[in-house]
Amino acid sequence: MSSALLHEEDRTQDMQMLSKAHDWQAQAFEEWYSKHPEHWEKGILIKRMTIKAITGSGKTYLAVMMAVHHLMRGKHARVVVVVPSVGLLSQWSSILNGWNIGNVSNCGGGNRYDGYSPIVVVTRDSLKKLIRHPNLMKGDTFFILDECHNMAAKKSYAALTKMAESNMIQSIVGLSATPERTDGRCIMDLTGRNSEGEPHVTYAYEDALDDKTVIPQFKINVARFSVNELAHETYQPMSVLDNYAGNKLEVLDAMTLNISKMAASLSKQLADYPVPRNPNGSVNLFHHDYGNPAITGALSSMVNNWKQLTIKRKRLLNNADIRKRIAIQFIENNYGKKSAIFVESITMIEEIAVMLREIGVEPFIYHSGERPEDWEELNDTQKERLFAYKSESKEILARWIRSDSGVLLTCKALKEGLNVPDMGLVILLSHPNSPRPTIQTLGRALRGERNPDGTFIEEKDIWIVNCDVAADDKVIANIKETGKIPENRFAYYYYVHNDWVSVNNTLITTIDDALQEDIPIQYELQEDIPPNGDETI
C-alpha cells in the first residue's frame, strides 16, 4: 500500500472497505487514488480510469469503495452511477443505500432525480435529463459507468460527451469485463487508456483462477454438433422478401456463399477509401459509421445488406431445431438439478418451454418481454404469455433463485449485471457472433457456495452448444482471446448419434475428418462423461 494511503485514518469507511478487499481491488484503488486529472478533449481536465475485470470479481465493491472515498472530499462531492438497464438501476440503488453513504436518488425507469441527493443512479437512456443539473455542477462530480461498453451507444456517448464539455465530470471510471469494442465506438475514448492503449486495470480469468477466492474453478465444455444435421430441417422464410428456401443446410450454404461474394466485392470497392479497418488492415464491414456520405454513401446500402445477411445466417444457426433437442436431453439427463439455459431468441424460449412441459417440467421464464423479431411466428397464446412474463419477470426470477431444481429459460435479460448466487447447470444453447455477451454470461454462471476459508466448494461446468462451422468456431476463439481464458479450461465434445463424444484433439474440423484421416483421438461415451444423471454440472 502506498505511503499516501498509510496516512489515511483506518477508521474511515473507505479504509475499512479497503482492508477487506481482494488484492486486485486494493491495487486498483491505490492506482485510482494516486492518479491525477489528465487532458481529455478541448483542454478539459478529467481524472479517468478504465477497469477491465471479469464478471463476479467484485467490480461493484471496488466502485462503491471509490464512491465512499470521493464523498468524503467535501460538501460539493457528488456521485453519478450510470447503468444500462432498469434492473441494474434498482440493484445499484439497493447496494448504495445498504452502505448508508448518503441519500440516493434514481433517474430512469419511471423515477425522476430529486435534485438534491449527492448520489444519483441513472439509466443510460435518462442521462440527458441530468445535463447541466445545478446540483451536479458543484465542481466535484464523480461518474461511475457500470457495464461501460454499453455507454458507447450513440445517444449515451453523446450525452456523456456533452456533460464532460459542460464541466460536469471531474472524474470518471468505466467498469466492464469487455470495455473494448470492434465496431468503432469505444467508451475508453472517454474513460481513458494506459500508455499501451489498454485499460488501466485488467483482471482476467487466469488472474482470478490463481487467486482461488474470487471465482470457482471451472470448465467450459464446447459441445459441437455437425452442420449436416441441418439437412433434416426446413427453412422458414422470414418475410415475403426472403428468397431463401429449402432445407437449412442448403440455405446456409447459399447464404455463406453470398456473404463471401458480397464481402469480397465490398472490400475491393472500399479498399482505397478512408474507411474503418481491422487490426490486420482489412476493411471493417461491421463498423458502425462509414463517415462522409459523399465518399461511401453509394456503398452504404450494400454494407447494410451484407450485415443483415450475416445476422440472418447466424439466426438460422442459433434457431436450429437440433439445439432444442439437445436442451431437452440435457434436462432429462440432469433431472432434478437447478439449471439455466441461455438462448438468443425469445421465440425459441417458447418452443423449448412447450417441449419441457411435454416431459413434465414447468420452466421458469425470464426475459424482457419485448417483441422479438420473429414475433409473427408465435401463436396468440404464446404472445399473451410474453406480456405476462414481462409484468411478472422479477417474481419469476425470485422463485427460480429460491428453488432447488427449477429450470430457467432466459436470454439477454440476464446476461449483464444481475446477480444470481448459483445457477447450477448452465447451458449456452446459442450465442451471438460477438464474444462480449457470451463472456458476460459466463460471469453470471461463475458463482457458488464457499468453504469457511473463502474457497469454492465445487468446480463449475458450463456448456456452450456450437455448430461445427467456421463462424461458430471463430466465436469460441474470440471468447478465449477477449476473455483471456486459458486453453486448459476448455473441453470439446461432439454430438454423434445422440451421444456426446469427447474429442481430445481440438485441431480437427469435424468428427468425420478425424475418422477419415485416422487422426488419433480418444473417445469417452456419454455414460462416462457429463451430462448425465450422476454427474455434477
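Every number here is computed from the coordinates shown, using simple stated rules; none is lab data. What you see is a predicted model, and the numbers here were worked out from it, not measured in a lab. As a convention, Cβ positions derive from the backbone with ideal geometry for all residues, glycine included, and neighbour counts pool all protein chains shown.
Laid out as a table, the results:
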item: Long pairs among Lys212/Lys460; Lys35/Lys138; Lys314/Lys338; Lys154/Lys324, criterion Cα-Cα beyond 24 Å; result: Lys314/Lys338; Lys154/Lys324
item: Cleavage-rule hits (trypsin sites (Lys or Arg not before Pro)) in region 202-257: DSSP loop, at most 15 neighbouring Cβ within 10 angstrom; result: Lys212
item: Ascending count of other beta-carbon atoms within 10 Å, so fewest first, for Asp404, Asp114; result: Asp404, Asp114
item: Ranking of Thr141, Thr410, Thr123, Thr482 by count of other Cβ atoms within 10 Å, fewest first; result: Thr482, Thr123, Thr141, Thr410
item: Rounded, prolate or oblate (a/c below 1.5 giving rounded, otherwise prolate when a/b exceeds b/c) for region 38-82 by Cα gyration tensor; result: oblate
item: Charge dipole magnitude, Cβ of K and R +1, D and E -1 - region 3-203, Cα centre, debye nearest 20; result: 820
item: Segment Asp210-Ser403, length gained on full extension (0.36 nm per residue, minus Cα span); result: 66.3 nm
item: Table column - 3J(HN,Hα) (Hz), region 446-459, Karplus curve with 6.51, -1.76, 1.60, x for Gly and Pro; result: 8, 10, x, 6, 10, 7, x, 7, x, 6, 8, 5, 9, 6
item: Contour excess over end-to-end distance, with Cα ends at Asn304 and Lys268 and 0.36 nm allotted per residue; result: 11.3 nm
item: Computed E for Arg489/Tyr335 - FRET, C-beta separation, R0 30 angstrom, nearest 0.05; result: 0.65
item: Potential extension, Glu31-Ser94 segment - 0.36 nm per residue separation minus Cα distance; result: 19.9 nm
item: Ascending count of other beta-carbon atoms within 10 Å, so fewest first, for Tyr203, Tyr116; result: Tyr116, Tyr203
item: Per-residue ³J(HN,Hα) for region 131-142, Karplus 6.51 cos²θ - 1.76 cosθ + 1.60, θ = phi - 60°, Hz, x for Gly and Pro; result: 4, 6, 5, x, 6, 9, 10, 7, x, 8, 10, 10
item: Förster-model FRET efficiency, 41 Å R0, Ala158 and Met72, C-beta, rounded to 0.05; result: 0.80
item: Low-density loop cleavage sites - trypsin sites (Lys or Arg not before Pro) in region 99-151, where at most 11 other Cβ are within 10 Å (DSSP); result: Arg112, Arg132
